[in-house]
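Taking it in order: structure first as structure tokens, then the write-up.
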């Protein structure tokens, strides 16, 4: 969620290379710094990989005997190339490349990274009207009594079951003996009082209401202004707000409604620094592996760099009425949220199946579903046949938001919350992540998770035992190779230089400076400021908008095609022969 910046200093902290909502993607190169990507080549004297496509003639030598003498006859073997439309994940990388070369595609090649035949989403019908009493289904709540319960594989299976939009895990802190006091306002002030806090100024109102400015009608837009402060200053505000409430309670009229009061919500507090927040982050290692900020089975642990608030912890400091508006998580990833207390939070959640219906309601009420701030009017959801889970999260409770679940939250009391995202390596999560990746591209919204980059990293490092997950990832890799090879052949055929620049450790994924689409492997680079030696990355489409012939555009290749071919061929389904648990 941070700026995609190509830094010249390889010792830069995680936050400096993190992806953010800022659309700029530039690199600043200084003479004294060690190069990361672009300074390692002289952009004016690039070594050309190839102007002419490499061709091979396969020869078979046949031994013959005549008159007691041996001889060899050279026989050309006819190369049979499959049509590109017939290629699937059962074909090896060589066959894929040959099919791409044989296709001779001259126009822009566009195909989805998803194959509908691999879909594993549950079929939930919303055509039959749902009785009013079933539009508020009970929220699945699991009460843990011991550490053994928390580490049971059954808990993972339940939380990630596509049927379960949300799961409340009660008593988690007690069963794991989590010291949540480390995240209390007092502890935060002691640890880092000057740490930055983003503040959202909001209007306090009941959780199931959202009134317009005049108070004449309920509405969907949920507006707030943004500012910044420090932990110490927000802590003072939080405490004074509580003291004021005690004074008001003495003289308040019972019938009076708390509408219209201006409140401040402290949000997006970054706890990613492992030195500054060492005690807090160590405490979270007590969680089961599938809930942890980092674990081998978490796709977000294979991004290769920090994405603030996703594969790092964020903190929220609240007073009553503080609102997190309606949303799905970035790229539909799962999320973990723990209430530190002392007050409660009220949650609303809707199964992923209904997201498009809610998106349509947002559009109807003049607010953008993906980028806007909105608070659903419950009656509108019920009239649209959309069931809503509604529940209270008490101190020590963990809320597991399953992949794609739409949700919105309001503080009932004074409390802090910590949250982060996780990406379980299952077919449901992977499919929803890729679906949102492609929908974001259509809507011209940045995918905070670089899904093509992540898919290749997972293929290199993880052994997949689930057939559905394997098929989806393999198909994504197949589509990626096709896109790369066809684009590469098109560039070479018109004499465009392609220069190899391998990736280095912790190098972030890249996004187009213009449209924010992920740019994988083939980077179209232009000079932003020649005197300061800064450069920006583009996708092919945006690069050609500036220069149809790509004049002044340098094309960098980060992986040799043989590297990708080897990864593709070596990524195979692993047959599971031994039982295992997720106790580690």
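The values are calculated or read from the model by the stated rules, or taken from the named source; none is laboratory data. Just so you know, these numbers come straight off a predicted model, no measurement behind them. As a convention, Cβ positions derive from the backbone with ideal geometry for all residues, glycine included, and neighbour counts pool all protein chains shown.
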Within the range 537-567, how many residues are over 29 Å from the mean Cα position of the chain (by Cα), in a loop (DSSP other than H, G, I, E, B) and either on the phi < 0 side of the Ramachandran plot or free of Cβ contacts under 8 Å to residues at least 40 places away in the same chain (or both)? 6
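For every residue, the table says whether it meets (1) modelled with pLDDT of 95 or more; (2) in contact with a helix residue (DSSP H, G or I) (Cβ under 8 Å, 6 or more places away or on another chain); (3) within 30 Å of residue 160 (Cβ to Cβ).
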residue	(1), (2), (3)
484	yes, yes, no
511	yes, no, yes
531	no, no, no
534	no, no, no
558	yes, no, no
563	yes, no, no
578	no, no, yes
Just one of 468, 513 is more than 24 Å from residue 94 (Cβ to Cβ) and touching a strand residue (DSSP E or B) at 6+ places or on another chain (Cβ under 6 Å); which is it? 513
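Residues are listed down the side, and each one gets a yes or a no for (1) outside any loop (DSSP other than H, G, I, E, B); (2) surrounded by fewer than 23 Cβ atoms within 10 Å (Cβ to Cβ):
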position	(1), (2)
309	no, no
316	yes, no
325	yes, yes
331	yes, no
337	yes, yes
346	yes, yes
Name every residue in the range 323-344 that is more than 29 Å from residue 179 (Cα to Cα) and over 16 Å from the mean Cα position of the chain (by Cα), in order of residue number. 326
Restricting attention to the range 167-184, does a residue exist that is in the same structural domain as residue 283 (by TED's automatic domain parsing), closer than 30 Å to residue 261 by Cα, surrounded by fewer than 17 Cβ atoms within 10 Å (Cβ to Cβ) and in contact with a helix residue (DSSP H, G or I) (Cβ under 8 Å, 6 or more places away or on another chain)? yes
Working carefully through the options 122, 137, 129, find the one that is assigned to a loop (DSSP other than H, G, I, E, B), in contact (Cβ under 8 Å) with a residue 40 or more places away in the chain, in contact with a strand residue (DSSP E or B) (Cβ under 7 Å, 6 or more places away or on another chain) and not assigned by TED's automatic domain parsing to the domain that holds residue 405. 137
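Only residues that are under 19 Å from residue 457 (Cβ atoms) and either part of a strand (DSSP E or B) or not assigned by TED's automatic domain parsing to the domain that holds residue 497 (or both): list them for the range 508-536, please. Let's see the steps before the verdict.
Taking the range 508-536 as the starting set, the residues that turn out to be under 19 Å from residue 457 (Cβ atoms) are 508-511, 517-523.
Passing the criteria: 510, 511, 518, 519, 522, 523.
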Name the residue, out of 388, 350, 336, 377, that is modelled with pLDDT of 95 or more and more than 30 Å from residue 150 (Cα to Cα). 377
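Which residue out of 381, 361, 284, 279 is closer than 27 Å to residue 455 by Cα and in contact with a helix residue (DSSP H, G or I) (Cβ under 9 Å, 6 or more places away or on another chain)?
On the way: 381 fails: closer than 27 Å to residue 455 by Cα; 361 fails: closer than 27 Å to residue 455 by Cα; 279 fails: closer than 27 Å to residue 455 by Cα.
Within the list 381, 361, 284, 279, the selection yields 284.
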Which condition number in (1) over 29 Å from the mean Cα position of the chain (by Cα); (2) under 30 Å from residue 430 (Cβ atoms) is the one that residue 161 fails? (1)
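Does residue 154 meet the test of being modelled with pLDDT of 95 or more, under 24 Å from the mean Cα position of the chain (by Cα) and either crowded, with 18+ Cβ neighbours inside 10 Å or in a helix (DSSP H, G or I) (or both)?
Numbers: modelled with pLDDT of 95 or more: yes; under 24 Å from the mean Cα position of the chain (by Cα): no; either crowded, with 18+ Cβ neighbours inside 10 Å or in a helix (DSSP H, G or I) (or both): yes.
Against the criterion (modelled with pLDDT of 95 or more, under 24 Å from the mean Cα position of the chain (by Cα) and either crowded, with 18+ Cβ neighbours inside 10 Å or in a helix (DSSP H, G or I) (or both)), residue 154 does not qualify.
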Just wondering, is there one or more residues in the range 274-285 that are assigned to a loop (DSSP other than H, G, I, E, B), touching a residue at least 60 places away in the same chain (Cβ under 8 Å) and touching a strand residue (DSSP E or B) at 6+ places or on another chain (Cβ under 8 Å)? no
Hits in the range 212-241 (condition: surrounded by fewer than 16 Cβ atoms within 10 Å (Cβ to Cβ) and modelled with pLDDT under 95): 212, 213, 214, 215, 216, 217
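Being in a loop (DSSP other than H, G, I, E, B) and at positive phi narrows it down to one residue among 372, 321; which is it?
Working: 372 fails: at positive phi.
Exactly one of 372, 321 is in a loop (DSSP other than H, G, I, E, B) and at positive phi, namely 321.
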